[in-house]
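The values are calculated or read from the model by the stated rules, or taken from the named source; none is laboratory data. Every value quoted in this text rests on a predicted model; they were computed, and no experiment measured them. Note that we place each Cβ from the backbone using ideal geometry, even for glycine, and neighbour counts take in every protein chain shown. Keep in mind that these areas ignore ligands, DNA and RNA; they rest on the heavy atoms of the full protein, side chains included. Shrake-Rupley method; radii C 1.70, N 1.55, O 1.52, S 1.80 Å.
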Amino acid sequence: MAEVKLVNLDKSYDGGKSYVLRNINLDINDGEFVAFVGPSGCGKSTLLRMICGLEDITSGDLSIEQERVNDMPPNERRVGMVFQSYALYPHMTVRENMAFGLKLSKIDKKVINERVEEAARTLQLEPLLDRKPKAMSGGQRQRVAIGRSIVQEPRVFLFDEPLSNLDVSLRVQMRQELARLHSRLKTTAIYVTHDQVEAMTLADKIVVLSPLAEGSESNLEQVGAPLELFHHPKNLFVAGFIGSPKMNFFRGEIVATGSETTQVKLETGEMIQTYNDTSYAAIGDKVTLGIRPQDVLTNAEENNVTGTINALERLGTETFVYLNHPAIVEAFTVRIEDHRRREEGESFKVGLPAESCHLFGANGQAFQRTRAPQFD
Amino acid sequence: MAMVQPRNLKYRVWAARLFMILFICIIMFPFLMIISVSFRSGNFATGSLIPDNPSLEHWAMAFGIPWENADGSITQPTFPVLIWLWNSIKISVLTSGFILLLSTTGAYAFARLKFRFKQSMLTSMMILQMFPAVLALVAFHTIFDKLGNFIPWLGLNTHGALIVAYLGGVTMNIWLIKGYFESIDNALEESAAIDGATPWQAFRHILLPLSVPILAVVFILAFIGVIGEYPVASVLLQDMDKLTLAVGSKQFLNPQNYLWGDFAAAAVLTGLPITLIFLLAQRYLVSGLTSGGVKG
């Protein structure tokens, strides 16, 4: 069926002098929901536009259903796309908007009507069929844009940040509708977003892209299931990008290696034990130790670090403590559940549970965690 | 909106109205004078605005009806004014149509396609347009004189030649339409392409319907420009029954005998098709066609 395969895909706008995307290899199975995430400028939208044919492919192969489509114009690729700006045809009613593509392919009027009515039913657009886009709200327009690609029965759905123009509550609602829609239609879908919550909740598989660094081989950082990326980030970039608030990183060096546990000495001299396989590392290697804000404990007896409080945010359900610590890379954020008042400048001792620690070598690659939580 | 207004606003509004009424009077006066002259008996350019002894003799001449004078003598119409009018309308409609065709397609290329020398072509078009067509009168005459030997309908003294000569005026319109096309989000055509439209279908079904207002403006401007054009038409056309109204009206003004009345009637007649076209095109001059399509 409609699987999408990307082999060594490159994109350059200046004939090979500099690249936006480099060596993208990706297998998307039939019926899978894949999310492309990454900070702005990482080329995720460009990659999507290459898949639908709005951007040409500098080198590499793109195939849909085992058919190489590199040189196929967008109108022949049979993919559907939902734009961030909706891109509805303003001079047509909702019905005409949805029927436009079908009319071009000269499909029988009765069939067109049936498909439009069905899509309208699915998306609760029936009362709006004879309205023009300007008489509709943002959420309604977005549903029309989705309906317009549904009626075409495309091989692959492409979404280019479809929810980013909606307000927060509508976004949550549309997110659930998209999830329902995908489980019903089971069409392969590729979804570009900078919002990792959307990616984590919707996708079967997340593709993390980074802005291409000078001399870097590829800007494809990691591909995997949402929780795999969360618990087993392959490198510092993914670890820092997935999860909110961001993971905390400490500078340190290995003082004892092991295939099960590792001893790390932070720059401040504090000793931390972690469950990571460092059997192939050497004592004295510089490492970065990572810990998520919500994994930090306040009542631990060992594996402690002490920082001074910089700011406190008490939100009711949770409290964020922002700490200064000499060995921290950017910011040290701790999420705790007690709501005591604490003064700025006060020293604050927290524990880093060994099984929650991530460890990254000097090249940014992760050491395998040996006691990560189980997930299916 | 209930914005608080200063108290002396009322007087300022009245002053503004008075100024505008005066301004309109100044603009309208020559026009009213021409109408007045066309209804005045005899051929006098001066006189009161409302004719003392109104007569339809000049209009009869314009419509080709013999006029019986007060002394019983009959004046035969001297010139085929209605044929001139028909020529003018024919040439203007055809030229404007072709200009629309050429400038929309040209503007599409400049607005949406990427090709070498695009910017320099645009600039050179702009610069070329700065030289009035009058400067090329000699060239027009020679070119169409020679061309007529091979293609009879493009020779001197044909309407074909005149239309082709006028088509040189598309460049300004290309700039106009290009600017409008660029204000329409490219995502609309991209989304049409994904819906299965070829570039031509996207142009025809998405871009053109959204550009109707500017197309109407270009059509009207081209029409007005062509129907009143004198220099080129006066050089290319010679036969009495081939002339346009603008060139033909000059025939009334002999050095010895200025037939002001007949001239005025013909001049008013020139304005009629323009008015008609404008009234027809007015309903396409609507704004807000593109609103609601994209969220920007």
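Dipole of the protein assembly as shown (Lys/Arg Cβ +1, Asp/Glu Cβ -1, origin at the Cα centre): which of B:120, A:43, B:180 lies farthest to the positive side?
B:180
Taking all protein chains together and a probe of 1.4 Å, list A:254, A:150 from the most accessible to the least accessible.
Descending accessible area places them as A:150, A:254.
For helix A:138-150, what angle does its Cα long axis make with the longest principal axis of chain A, in degrees from 0 to 90 and rounded to 10?
Helix A:138-150 sits roughly 70 degrees off the main axis of chain A.
To the nearest 10 Å², what's residue B:134's accessible area with a 1.4 Å probe?
70
In terms of solvent-accessible area of protein heavy atoms at a 1.4 angstrom probe, what is the ranking of A:92, B:130, highest value first?
So the residues, ranked largest to smallest area, are B:130, A:92.
Return the carbon/sulfur percentage of the accessible area of the range A:198-247, one whole number, probe 1.4 Å, all protein chains in place.
53
Taking only protein heavy atoms into account and a 1.4 Å probe, give the accessible area per residue of the range A:115-225 in Å².
41
Helix hunt in chain B: which complete DSSP H runs extend at least 15 Å axially by C-alpha with mean Kyte-Doolittle at least -0.5?
B:9-39, B:81-112, B:118-129, B:137-150, B:170-182, B:212-227, B:260-282
Taking 37 °C and 0.692 mPa s as the conditions, I'd like the Stokes-Einstein D for the range A:257-376 in µm²/s, using the Kirkwood hydrodynamic radius from alpha carbon pairs.
Estimated diffusion coefficient is 217 µm²/s.
How big is the C-alpha Rg of the range B:216-296 next to the rule-of-thumb value 2.2 N^0.38 Å, as a ratio?
1.59
Give the Rg/Rh ratio for the range B:1-150, taking Rg as the radius of gyration of the Cα atoms and Rh as the Kirkwood radius, to two decimals.
Rounded to two decimals, Rg over Rh is 1.17.
Taking the inverse of the average 1/r across all pairs of different Cα atoms in chain A, what Kirkwood radius in Å do you get?
For chain A, the Kirkwood estimate is 23.2 Å.
Just the projected area, averaged over all directions, of the convex hull on the alpha carbon atoms of chain B: how many nm²?
For chain B, the mean projected area of the Cα convex hull comes to 24.2 nm².
At a cut-off of 20 Å², which residues of the range A:108-144 become less accessible once all protein chains are present than in their chain alone, using a 1.4 Å probe?
Buried by the other chains: A:134, A:141.
At a probe radius of 1.4 Å, what is the per-residue accessible area of residue B:67, in Å² to the nearest 10?
Around 80 Å² of this residue is reachable by solvent.
Projected area of the protein assembly as shown, taken from the Cα convex hull and averaged over every viewing direction, in nm²?
47.4
Grab every C-alpha pair in the range A:91-151, bin the distances at 5 angstrom width from 0 up to the longest one, and report whole percents.
It works out to 4, 22, 35, 24, 12, 3, 0, in whole percents.
Please list A:82, A:172 in order of solvent-accessible area, largest first, computed with a 1.4 Å probe with all protein chains present.
The most accessible residue leads, giving A:172, A:82.
Taking θ as phi - 60°, what are the ³J(HN,Hα) couplings along the range A:309-321 by the Karplus curve (6.51, -1.76, 1.60), each to the nearest whole Hz, with x for Gly and Pro?
6, 9, 7, 9, 10, 9, 9, x, 6, 8, 10, 9, 10
Pop out the carbon and sulfur fraction of the accessible area of chain B as a percent, whole number, probe 1.4 Å.
Carbon and sulfur: 71 percent of the exposed surface of chain B.
Using +1 on the beta carbon of Lys and Arg, -1 on that of Asp and Glu, and nothing else charged, what's the dipole of the range B:1-87 about the Cα centre, debye to 20?
It comes to approximately 940 debye.
With a 1.4 Å probe and every protein chain left in place, work out the accessible area per residue of chain B in Å², rounded to a whole number.
Value for chain B: 57 Å² per residue.
I need to check one value: relative contact order of chain A, counting alpha carbon pairs closer than 8 Å and at least 6 residues apart, in percent.
Across chain A, relative contact order equals 15 percent.
Tell me, what HN-Hα J-couplings in whole Hz come from the Karplus equation 6.51 cos²θ - 1.76 cosθ + 1.60 at θ = phi - 60° for each residue of the range A:99-112, using x for Gly and Pro?
Computed from phi, the couplings for the range A:99-112 are 7, 3, x, 5, 4, 4, 8, 6, 7, 3, 4, 5, 5, 4 Hz.
Can you pull the Rg over Rh of the range A:175-251, Cα-only, Kirkwood?
1.02
Could you calculate, for the range A:1-75, the ratio of the Cα radius of gyration to the Kirkwood radius, expressed as Rg to Rh?
Looking at the range A:1-75, the ratio lands at 0.95.
Using θ = phi - 60° and the Karplus relation 6.51 cos²θ - 1.76 cosθ + 1.60, list the HN-Hα couplings for the range A:40-56 in order, rounded to whole Hz, with x at every Gly or Pro.
5, x, 8, x, 5, 5, 4, 4, 5, 5, 6, 5, 8, x, 7, 10, 7
Determine the total buried accessible area between chain A and chain B, counting protein heavy atoms only with a 1.4 Å probe; round to the nearest 100 Å².
2200
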